[in-house]
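Scroll down for the structure; my scribbles are underneath it.
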Amino acid sequence: MDIQTMNKLLAILLLLIVSFRAESQQGKANMDTYTFHVDQMRLDNRNVDIIERERIASRKGVFLREGIKKTDREADVFIDLSEVKPGRYVVTTQAYSNEIGDKVLAEAKTKFESLFVTIQFENQSKTKRVIFAPWELDKQPSKQASGKFNVGGDSRNVKLWLPEGVILESITLRTYVPPVVPQSAENYQPKVLPPKSRPRLWVNSESLTLVKERLEQGENKAKWERVRAEAIKTYDFKIVSSGEISFDEKLEKAAEAKAFYFLMTGDEKVGREAVELMKNYISHVEFGNLLDITREIGRTIYISSLVYDWCYTIIKEEERAIFVQNLMRLSDDMEIGWPPFLQSVINGHGNEAQVCRDLLSMSIAIYDENPDPYKYISYAILEQLVPMRKFEYQSPRHNQGVNYGSYRFTWDLHAAWLFYRMTGNAVFDDNIKDVSKYWLYTRLPDGEMLRDGDGFGTSTNGAPYYWKAPLFTLLAYTYADDPVLKADFEKQGGILDNQVLFLLLNDPKLTASKNRDSLPLTMDFGPVLGSMIARTGWEINANSNDVIAEIKGGGYHFGNHQHSDAGAVQLYYRGLQFGDLGVYRFYGTPYDFNFNKRSISHSMMLIVDPTENFTRAKANDGGTKFNQRFPKSPEEVQSDSWFSNGKVLSADYGPEKLKPYYSFFSADLTTAYGNDKLEKYVRSFCFLNLDRQDIPALIILSDRMRSSDSSFKKYWQVNALNQPVIDHGNVILTNSRGGRIGKTHINTLIPSFSERDIQVLSGDSVHNSFNYKTTPPLSHLAETKGHRIILSRKVENKEDDFLTVFQMTSEGARPMAVKYFKTEVSYVVVVENHIVSMNRLEHPIGKEFEIEIPKGKHNHIVLTGLKGGGWNVYYENKKNKLIDTKVEEDKNTLYFEGKKGKYIITPGF
């Protein structure tokens, strides 16, 4: 099956449930429901038979006999609607598959291979609607919302033509209640209005000149030639006078090219071709009820709006009425509904093209004829989306992860661009320009990305793979004038399906820069989506020696495709060494909700309270909260503790900012776990860039966890793709790229060898969440065959510390010796001449302490967890002051270099 089509199935089902509930609440008093079973249908016995089976809810269904091929036959099913109150109804079918249907559906690969019923309400056109979809084969019965239809007047009956393979049990008509317009939206006076002049979409009278000037410049010239050739080519479209036609993406693209050509050249002949195409097309196009069909509907609305706006001066008055009428007709079938308030613009499908491109474009285009759509859409964007994104994008990354984040951020950028080009002024905060850095930092040397959220791109056959999202990348680099991101667009192939959009936005004078050395190797992502990514370099090829590490935690959780992964760590060195083991295919399956999105599939701490229950998940994996709802305003996310994902305590890197030696991150993750099982949990991470070929980097990870009950078992976990080796209580991980092997040596310092148990879960047991078993989808991905390394203390304690050192080594290189000692306030890790003091208190260090450097003349010393304010460092005694400095709040680190001996560290505040 088509994964892109299928992987949102359950999300849509959930959204439909929400929509139904909303409709129910809006109009219970006026809602009528009529259900017709087989006994209430008139059947054509020449073609259909009745079957009685226990698995059918009403015990009886009707099916088309095998071999009935005649397409112009009389209807198989006739239903009298004379007792139905006139009105507009949502029509739903309930059906089962038989042996023929089972075979067809099992072999289906896309949504277009669903089984379709033909429906005709009296004196209305016939229409094809899905009655059974492939992904429902194992879920029977299949309940399909066929659409909204008018009943009454001259529509007093309905006819159905059945496909082979289904057993129809019933058809239900339920009064359609449109979404209620919030009072605040109804009374809204838009702050930003479309100009009186044309064009308005993507260009206004001022920016139109700029776009025209760029057509013959640089890389735009070749694309302009292709658009021109497409525009002047005659498109063969047979005009129909009645009935419905299927959507036609090629026609839409042809109309877009012709309208753009008219906008650029004034060629009225070509412009009129665009108008005629779209006018006749949208008068008859029907989309049915295919999965995710709102995207196809939205694209038609969008391109129709472009033609309407760009060709406005040559559209006749009566033609404008046809455009406006059909644009509003199509809007009524969007998933967000019309008026557009069934979904939120903040997250989910409402945060995709529906509002930010399709309906926004329509509302701008037809504003003169009908200002209400613009009032509603501008309210959603300017009063809801813009303030929320200003808050969220304080952290320059996307909460929905690499894949869904790039997709949904694409639509934020559409809205930003459309408003900017319409008015010449930005409506989004400038921090939207920094979000794209997230995709630069998550890029791995092999072309893939660090794992974040649902889904990720990877090679299917071992061939080199470079993760791509060209539409997002184009919108992002053009909006931010980012030369590095433009280079990444070109690295992705520089190919875009929509050449028109490229010509509207690309500045040929912006020179792509492949050199990323202007970017610091470490990125602190701020307080809203707490996280840090540390790198040793920017080399993007499979032979790279670069190490990339990430830690998450702190800030807020925004639900939907964001995982329960506060505190999770990932590491890449010649391949992914450890990280996530979840694989995304379908939303909301037992595997998705109990493993893929859950903490257990990530490299992080687990603490199991046997009585804990996770909302919408059956497995008790000991992880963080399982949040599937999202906040709709900055006020809600900050005031409702449910969304708390912990707090970033410290984030710093240095002493050089472009190529830091140390990168330190610490977060209090207590609230991320969301119930009473924890009194306190702090995870701290220190990454050292050693600037060596044999041992390029090391990581020190410390955890201090205090439970509310000593019997709650704590588990320290990392998840590896390849089989680990246990050597004298230590763990060795391995991966390879470009024929070069990289290893990660994991030394657990606390708890000691005698105090801990360690196990490696492989095979089927990987997906066993403390006796709750899930099964991953069939996949070639290594994640489905990975390994979980779990370490726990033998003795139950209320408070436990874990201290671990990771060394990345090339093949054949021996790891450095690792030692540690304890001070009154910290654990001091010594790895040759690298000395790191990790705070072991639950609060910042605010008092004097000493460390003893055992040997060496040139030691790199990092002190972490210091309270903000003045600090002094003395050598051997307090008469010999080496350092008098200030430690910044929220950074809490101090770096210096020194020789063997005693160092006295004292606060100066």
Exercise for the section: Please state which of the following conditions ILE495 fails to meet, knowing it meets all the rest: (1) β-branched (Val, Ile, Thr); (2) crowded, with 23+ Cβ neighbours inside 10 Å; (3) more than 25 Å from GLU783 (Cβ to Cβ). Expected result: (2)
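Within region 592-610, track down each residue that is more than 15 Å from the chain's Cα centre (by Cα) and either assigned to a loop (DSSP other than H, G, I, E, B) or not assigned by TED's automatic domain parsing to the domain that holds PRO777 (or both). Walk me through it before giving the result.
Our first condition is that a residue be more than 15 Å from the chain's Cα centre (by Cα); within region 592-610, this holds for 593-595, 598-610.
Result: ARG598, HIS602, SER603, MET604, MET605, ASP609, PRO610.
Based on what the data block shows, is ASN596 touching a Gly at 6+ places or on another chain (Cβ under 7 Å), at positive phi and polar (S, T, N, Q)?
No: the conditions fail for ASN596.
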Practice task
Report, by residue number, each residue of region 413-432 that is surrounded by fewer than 20 Cβ atoms within 10 Å (Cβ to Cβ) and of a type outside the set (A, V, I, L, M).
Solution key: TYR420, THR423, GLY424, ASN425, ASP429, ASP430, ASN431
Handout entry: Looking only at region 343-370, and only at residues there that are hydroxyl-bearing (Ser, Thr, Tyr) and crowded, with 23+ Cβ neighbours inside 10 Å, the one that is farthest from the chain's Cα centre (by Cα)
Key = SER363
Completion exercise
Restricting region 373-420 to residues that are assigned to a helix (DSSP H, G or I) and among the small types (Gly, Ala, Ser), the one nearest to LEU485 (Cα to Cα) turns out to be SER406
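Residues in region 86-98: is at least one in a helix (DSSP H, G or I) and either buried (at least 16 other Cβ atoms within 10 Å of the Cβ) or touching a residue at least 24 places away in the same chain (Cβ under 8 Å) (or both)?
From region 86-98, those in a helix (DSSP H, G or I) are none; that's our starting set.
The answer is no, given that none of the residues of region 86-98 is in a helix (DSSP H, G or I) and either buried (at least 16 other Cβ atoms within 10 Å of the Cβ) or touching a residue at least 24 places away in the same chain (Cβ under 8 Å) (or both).
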Fill in the blank from the handout: Checked region 786-815 for anything surrounded by fewer than 19 Cβ atoms within 10 Å (Cβ to Cβ) and hydrophobic (A, V, I, L, M, F, W, C); matches are ILE790, VAL795, ALA813
Practice task
Identify, from the list THR774, THR734, THR744, THR748, the residue that is hydroxyl-bearing (Ser, Thr, Tyr), touching a Pro at 6+ places or on another chain (Cβ under 6 Å) and either surrounded by fewer than 21 Cβ atoms within 10 Å (Cβ to Cβ) or outside the structural domain of VAL830 (by TED's automatic domain parsing) (or both).
Solution key: THR774
Exercise for the section: Answer with yes or no whether ARG320 is surrounded by fewer than 24 Cβ atoms within 10 Å (Cβ to Cβ), at pLDDT 95 or above and within 26 Å of VAL90 (Cα to Cα). Expected result: no
Problem - Among residues of region 791-823, those that are among the β-branched types (Val, Ile, Thr), within 15 Å of MET705 (Cβ to Cβ) and out of contact with any Ser or Thr (no Cβ under 7 Å at 6 or more places or on another chain), counted - result: 1
Exercise for the section: Output the residues belonging to region 73-123 that are of a type in the set (S, T, N, Q) and within 40 Å of the chain's Cα centre (by Cα). Expected result: THR92, THR93, GLN94, SER97, ASN98, THR110, SER114, THR118, GLN120
Practice task
For region 755-770, state whether one or more residues are in a loop (DSSP other than H, G, I, E, B) and under 33 Å from the mean Cα position of the chain (by Cα).
Solution key: yes
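Hey, among MET838, MET808, which residue is in contact (Cβ under 8 Å) with a residue 40 or more places away in the chain, closer than 30 Å to VAL731 by Cα and assigned by TED's automatic domain parsing to the domain that holds GLN717?
MET808
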Exercise for the section: Provide a single number: the residues in region 811-824 that are in contact (Cβ under 8 Å) with a residue 40 or more places away in the chain and either part of a strand (DSSP E or B) or among the hydrophobic types (A, V, I, L, M, F, W, C) (or both). Expected result: 4
Exercise for the section: Could you check, for region 543-558, whether at least one of its residues is modelled with pLDDT under 95, out of contact with any Asp or Glu (no Cβ under 8 Å at 6 or more places or on another chain) and at negative phi? Expected result: yes
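Assess whether ALA257 counts as being over 34 Å from the mean Cα position of the chain (by Cα), of a type in the set (A, V, I, L, M, F, W, C) and more than 23 Å from LEU382 (Cβ to Cβ).
Against the criterion (over 34 Å from the mean Cα position of the chain (by Cα), of a type in the set (A, V, I, L, M, F, W, C) and more than 23 Å from LEU382 (Cβ to Cβ)), ALA257 does not qualify.
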Exercise for the section: Could you tell me which numbered condition ARG200 fails, if it satisfies all but one of (1) of a type outside the set (Ser, Thr, Tyr); (2) touching a strand residue (DSSP E or B) at 6+ places or on another chain (Cβ under 7 Å); (3) buried (at least 22 other Cβ atoms within 10 Å of the Cβ)? Expected result: (2)
Handout entry: Selection count, region 872-887, where residues are surrounded by fewer than 13 Cβ atoms within 10 Å (Cβ to Cβ) and either acidic (Asp, Glu) or in contact with an Asp or Glu (Cβ under 8 Å, 6 or more places away or on another chain) (or both)
Key = 2
Practice task
Go through (1) under 30 Å from PRO508 (Cβ atoms); (2) surrounded by fewer than 21 Cβ atoms within 10 Å (Cβ to Cβ) one by one and return the number of the condition SER459 breaks.
Solution key: (1)
Practice task
Inspect all residues belonging to region 121-134 and state whether any of them is over 24 Å from THR33 (Cα atoms) and outside any loop (DSSP other than H, G, I, E, B).
Solution key: yes
Practice task
Consider TYR441 carefully, then state whether it is over 21 Å from SER304 (Cα atoms) and either of a type outside the set (Asp, Glu) or not assigned by TED's automatic domain parsing to the domain that holds HIS602 (or both).
Solution key: yes
Problem - Residues within region 559-591 that are in contact with a helix residue (DSSP H, G or I) (Cβ under 8 Å, 6 or more places away or on another chain) and in a helix (DSSP H, G or I), tallied - result: 1
Exercise for the section: Scan region 150-176 residue by residue and report those that are closer than 15 Å to GLY87 by Cβ and not in a strand (DSSP E or B). Expected result: GLY153, ASP154, ARG156, TYR176
Handout entry: region 268-292, subset of a type in the set (A, V, I, L, M) and at pLDDT 95 or above, residue surrounded by the most Cβ atoms within 10 Å (Cβ to Cβ)
Key = MET278
Problem - Residue check for GLN759: out of contact with any Gly (no Cβ under 6 Å at 6 or more places or on another chain), farther than 28 Å from ASN596 by Cβ and modelled with pLDDT of 95 or more - result: no
Problem - Residue check, VAL324 outside any loop (DSSP other than H, G, I, E, B), in the same structural domain as ILE293 (by TED's automatic domain parsing), farther than 20 Å from PHE419 by Cα and in contact (Cβ under 8 Å) with a residue 40 or more places away in the chain - result: yes
Practice task
Exactly one condition in (1) modelled with pLDDT of 95 or more; (2) in contact with a Leu (Cβ under 9 Å, 6 or more places away or on another chain) is not met by ILE315; state its number.
Solution key: (2)
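The values are calculated or read from the model by the stated rules, or taken from the named source; none is laboratory data. Bear in mind the structure is a predicted one, so any value in this text is a computation, not a measurement. Note: ideal-geometry Cβ built from the backbone for every residue, glycine included; neighbour counts use all protein chains shown.
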